[in-house]
Each structure stands twice: as C-alpha cells, then as structure tokens.
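Data first, discussion second: the structure below is written as structure tokens.
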Amino acid sequence: MGSFDPVDRRTVSAQIRAQLADAIHTGSLTPGMPLPAERVLCQEFGVARTSVREAIQGLVMAGYIERRGNRTVVAEVLPEINFAGDDRKAMVTQLFEVRQVIEPTIAGLSCKRATDDDRATLVELAARRPRGLEDFRSIDRAFHATLARSCGNPMLAEVHAKALASLFGSGEFASLLYAEVNRTEVDELIAEATQAHRSIAEAVSRGHVRKAEAAVIAHLDDVERRMTERLL
C-alpha cells in the first residue's frame, strides 16, 4: 500500500489506530476491503506486530473492522462516531494545557491559604466513591472548584472557573466520555482520577506545596493521556 507514515513510539497503537481510521474515513480503505497483512503494516508503520494487533483490535471493538475467517476487512456499515476524533481531541488537549498552566499554582497557593473548612471539604470530596460517570463528573467539578476557591486569589479562581466551564460544557469532551466503546477505559479513568484527588487533598490538607503541585501535574497528565490516546 505504501500510504502510511511511521509513528512516534510514545503512542504507537493509538497512532496506528488513528491513521487506519483516517484511511477508512477518507475512502483509502473502503467498506469490504481487506486490510493489508500485519507484516505489511508493520513495515509501513515501522513498528512491532504487537502494536499493529492492538490497533486493529481497537478498530474491531469500535465497529470499523470485521473479522471474516482469516481475513480482516473494513466493516460494510461504519458506526456514526468519528473514531479519529482529531477535532475533539485537539479541543481536549488545548483545555488541559490551560489547566496545566493554572492548577499547579492554585494547588501550591491552597496549601498556604486554604481555611480549615476548605481543607476538610477537599478531603471529604476526595473520599467519595463515585456511583457512575455522572456522579464522578459532579464530584470532579466540585473538587477542582473548591481547590481553586481555596487559593485565596479570586481572579485566578475566576480564570480557572472559565476553563472548567469550557471543559465540562464541551460536546467534544462529553462525546469521548459517553461513547459506549469507551466504557471500560472511562471506568479506569474514574478510578485513577479518584485516587489522584485523594493524593491532592492529602497534600493540601497537610500544607505540602511541592507534593500538591506534583500530584496535580501527574493527575492532569494522566487524564489528558487517557482521553487523547485511549478513548475512541
């Protein structure tokens, strides 16, 4: 075929999956058409066979590819969801870049300025066990809003509130979270984010600036990576 580009090894299967999905959307790979052999794809992408198999399995799960005996072919009827998701994921990345600039500073200031009530509220919110995605989104927003308010800088808290409103109100963000094919990955995201909230709350409650800042950075990095690399 000779039409695919070598990929960055940091996100191997995700990039392979995106390129194959794009080929399907643009018509380079048409419904019913067999995919090139794994050996050929490995050569074109410049990766090991395991990465190609992971990418193909993701496309099968999303309904873009079907197994027919020993062959792997493009599905005759494609799902409506935009699998490649370039626009959606670009929006998510931009919003998380804003959060990465703001939230570590907020966490550091909160360690110094949060009231006893603020610290108690953060710990209480972090200790909650979400009952599904809607409950988690409510807890998540309340947690980060409380963290921002406790930093003692109303202007910074207002800028942060606008960033959160853009994130939580964006259809791009919601379309990734609520896609049926992403259910397992979203469940894992919720579990990891809940644990991250506990680490942040503990650091703030104890006034540990560096630990709080590091916990926020790690949390945002993890959520962004999961949303842009693992969600379809």
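Bear in mind these aren't lab numbers, they're just calculated from the coordinates by the rules spelled out. Just so it is clear, the structure is predicted and the values come from calculations on it, not from any experiment. All Cβ positions, even for glycine, are placed from backbone atoms using ideal geometry, and neighbour counts span all protein chains on display.
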Hits in region 204-232: amide N under 19 Å from the 7 Å Cα→Cβ extension of ARG198, namely 204-208, 211-220, 222-223
Region 9-74: spread of alpha-carbon positions along the three principal axes, whole Å, largest first, is 30, 24, 20
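Quick one: longest stretch of the chain between exposed loop GluC sites (Glu not before Pro), exposed meaning at most 15 other C-beta atoms within 10 Å and loop per DSSP?
No qualifying site falls inside 81-232, the longest such stretch.
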Residues LYS211, LYS89 in order from fewest to most other beta-carbon atoms within 10 Å are LYS211, LYS89
Karplus-derived 3J(HN,Hα) from phi for region 91-104 (6.51 cos²θ - 1.76 cosθ + 1.60, θ = phi - 60°), whole Hz, x at Gly and Pro, runs 4, 4, 4, 4, 5, 6, 5, 4, 5, 5, 6, 8, 5, x
Karplus-derived 3J(HN,Hα) from phi for region 110-117 (6.51 cos²θ - 1.76 cosθ + 1.60, θ = phi - 60°), whole Hz, x at Gly and Pro, runs 5, 4, 8, 10, 4, 6, 4, 5
Proxy exposure order for MET91, MET155 (fewest C-beta within 10 Å first) is MET155, MET91
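As a test of the definition: which semi-axes, in Å, follow for the chain when you take the square root of five times each eigenvalue of its alpha carbon gyration tensor? Largest first, please.
Each semi-axis is the square root of five times an eigenvalue, giving 41, 16, 15 Å.
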Inter-part gap, Cα centre of region 181-231 to Cα centre of region 93-130, in whole angstrom, is 11 Å
Sorted by chain and number, the residues with a modelled amide H under 5 Å from that of ILE65, at a separation of 5 or more or across chains, are VAL60, ALA75
The exposure ranking of SER13, SER166, SER199, fewest beta-carbon neighbours within 10 Å first, is SER166, SER199, SER13
For LYS112, counting only lysines whose alpha-carbon sits under 19 Å away and dropping same-chain residues fewer than eight positions off, the answer is LYS211
Rounded to the angstrom and largest first, Cα extents along the principal axes for region 143-232 equal 40, 24, 16
Partner lysines whose C-alpha sits under 23 Å from that of LYS89, ignoring same-chain residues fewer than 8 away, are LYS162
